[in-house]
Structure formats: C-alpha cells, structure tokens
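These notes concern the structure reproduced below.
The values are calculated or read from the model by the stated rules, or taken from the named source; none is laboratory data. These numbers were taken from a predicted model, which means no experiment stands behind them. We place every Cβ from the backbone using ideal geometry, glycine too, and count neighbours over all the protein chains shown.
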Amino acid sequence: MTEIISWLTSLSLFEMALAVFGFIYVIAGTIFFAVTRLATGERASVFKNLSPAMLSPLGAAFALLMVFTADPVWKNYDEVKHSIGTEATGLRDALILSKTMPQETDAELRRLIRNYVTSAVEHEWPAMAENRVQAMTHRVCACSQELLAAVDFARNLRFQDEELRARKGEIVDALNKVREARRGRILVSEDKAVNFRLLGLMVIGSCLLTWIALTHSGDRRACAIALTLFATVMGTSNFLILSYANPFRGEHGLGSMILEEAAN
C-alpha cells in the first residue's frame with residue numbers, strides 16, 4: 001500500500017486524477033457486471049429483499065472515515081509549511097547576527113550553515129519525499145551532523161565583550177529554533193497512518209458500491225447511475241486527500257528553496 005501511495009503522489013495532478021478515478025470506476029464497473037449477472041432466478045429475489053436502509057450506516061461510516069483521513073493530512077501539510085518557514089527564519093536570523101561577529105567567526109558560521117542547508121536539500125528532502133527518512137541516520141534530538149556542528153561551534157565561542165556574548169546567545173537560540181523546526185518536518189514525513197486510512201476508505205467505499213448495486217439490481221439503468229454517482233464521490237474524496245498526502249512530493253509538494261534562499 002505504501003508503494004502505491006508513493007507512486008500516486010509522484011504523479012502530476014492530472015495523471016493522479018486519471019489513475020484514481022480510473023481505478024474506482026473499474027471497481028464500480030466490476031461490481032455492476034458481477035451483481036447484474038448474479039441477479040437471476042432465486043438470487044434476484046434475495047437481492048430485492050435487501051434493505052436500502054443499510055446504506056445509511058455505511059454512508060455515515062464512510063463520511064466519518066473520510067473526515068478522519070482528510071483532517072490529519074491537511075494538518076500535516078500546514079505543519080510542514082510552518083516548520084519550513086520557521087526553519088528558514090531561524091537560519092536567516094543566525095546569519096544576520098553572525099555579521100556582528102568577528103570576520104573569521106562569521107565566515108566559519110556561514111560555512112557550517114551552508115553545509116547544513118546543502119545536506120538538507122540533497123539528502124533529507126529526497127528521503128522525506130520517498131518516505132524513507134527512517135532509513136537515514138538522524139538523532140532523537142533532531143540535530144543533523146551539520147547542524148550539530150554549527151550549534152556546537154556557536155556554543156563554544158568565547159568573548160570578553162558583553163555585547164558579543166549576548167549576540168552569541170541569540171545565535172544559539174536561532175539555531176535551536178532551526179533544530180525544532182527540522183524535527184517537526186521529519187516527524188511529519190514519518191507519519192504513514194494515512195496509508196491505512198485510505199485503505200479503510202477503499203474497503204468501506206467498495207462495500208457501499210456493492211450494497212448500492214445489490215439494492216438496485218432489478219433496474220440496470222438505475223444501478224449504473226447510482227454506482228457512477230457514488231464512484232465519482234469516492235474518486236473526488238480520494239483524489240483530494242492524495243494530492244496533499246505527501247507534503248514533500250507532487251505539484252503541491254513543499255520544496256527546499258526557501259532554505260536555500262535563507263542561506264544565501
């Protein structure tokens with residue numbers, strides 16, 4: 001399931017829509033032909049006796065699961081957006097404060113921060129986009145080796161001047177803000193619960209499609225219309241959720257450009 005979700009989120013929105021709607025329409029079509037073929041003789045009378053009232057609890061279950069699936073997806077997207085902005089702000093603050101330091105200190109701190117941004121862009125972002133951050137080595141404190149080097153360098157600075165000591169403390173605070181923001185985006189990238197929620201949506205949606213087909217099996221045209229309408233609802237809900245399921249991938253993916261701009 002994870003591989004399928006990863007593949008879908010790598011597509012353009014148009015390609016994703018074609019894949020999602022096409023897959024669900026195929027399921028609906030398969031159910032339609034299977035039920036109408038089976039609705040003969042004694043089975044037809046059994047199908048007619050099935051109560052349409054069951055559609056209400058199934059529909060309510062589908063709606064609730066859709067809400068519980070969509071809400072964390074969009075919250076994760078907003079959280080990552082906020083974390084990246086906070087991370088960039090922290091880097092920018094550290095670099096601005098670095099200008100008030102002696103030239104050698106300023107140059108070294110800028111080099112360390114550029115190393116961190118390069119590592120984030122070249123290694124972390126592809127890993128987050130492909131849901132393989134857990135395969136990377138990152139500390140529980142959410143401090144990459146490059147960022148840890150910058151934090152340690154700033155902490156170990158020693159100045160006699162009181163103003164420089166105050167600026168040092170502000171730089172350390174800014175880098176700690178970067179650490180927390182980085183930790184936020186990494187934790188979101190490790191959240192795979194959406195995969196199981198989408199699977200649940202497909203299962204309940206398929207049950208609803210089957211029940212709709214069974215209760216309308218006596219009228220093929222009505223059955224086809226009802227199935228098409230609900231399949232469209234299923235396709236739309238799954239497409240909207242999938243388009244934001246991976247905050248680091250796809251046309252809605254949040255890139256690392258803001259970090260690169262902050263480090264320049």
Any residue in region 30-51 that's over 13 Å from Thr210 (Cα atoms): show its pairings with residues that are of a type outside the set (A, V, I, L, M) at Cβ separation under 6 Å, as long as the two are six or more apart or on different chains. Lys48/Gly218
Find the residue count for region 145-166, including only residues that are in contact (Cβ under 8 Å) with a residue 12 or more places away in the chain, of a type in the set (A, V, I, L, M) and assigned to a helix (DSSP H, G or I). 6
Residue within region 83-90 that is among the charged types (D, E, K, R) and modelled with pLDDT under 90 present: no
Which one of these is of a type outside the set (Val, Ile, Thr) and at pLDDT 90 or above: Leu187, Leu199, Leu240, Leu254? Leu240
So, first residue closer than 18 Å to Leu8 by Cα in region 195-208, second residue of a type in the set (A, V, I, L, M, F, W, C) and not in a helix (DSSP H, G or I), Cβ within less than 6 Å, six or more apart or across chains; the pairs are Asn195/Met1; Leu199/Met1
Since Ser217 meets every condition but one in (1) modelled with pLDDT under 90; (2) of a type in the set (Ser, Thr, Tyr); (3) surrounded by fewer than 21 Cβ atoms within 10 Å (Cβ to Cβ), which condition does it not meet? (3)
State all residues of region 97-118 that are among the β-branched types (Val, Ile, Thr), farther than 23 Å from Gly255 by Cβ and surrounded by fewer than 16 Cβ atoms within 10 Å (Cβ to Cβ); if no residue qualifies, say none. Thr100
Identify, by number, the condition in (1) assigned to a loop (DSSP other than H, G, I, E, B); (2) in contact with a Phe, Trp or Tyr (Cβ under 8 Å, 6 or more places away or on another chain) that Thr100 doesn't meet. (2)
Candidate set: region 167-184, residues that are among the hydrophobic types (A, V, I, L, M, F, W, C) and in contact (Cβ under 8 Å) with a residue 24 or more places away in the chain; chosen: the one surrounded by the fewest Cβ atoms within 10 Å (Cβ to Cβ): Ala174
Among the residues in region 247-257, are any assigned to a helix (DSSP H, G or I) and closer than 17 Å to Val80 by Cα? yes
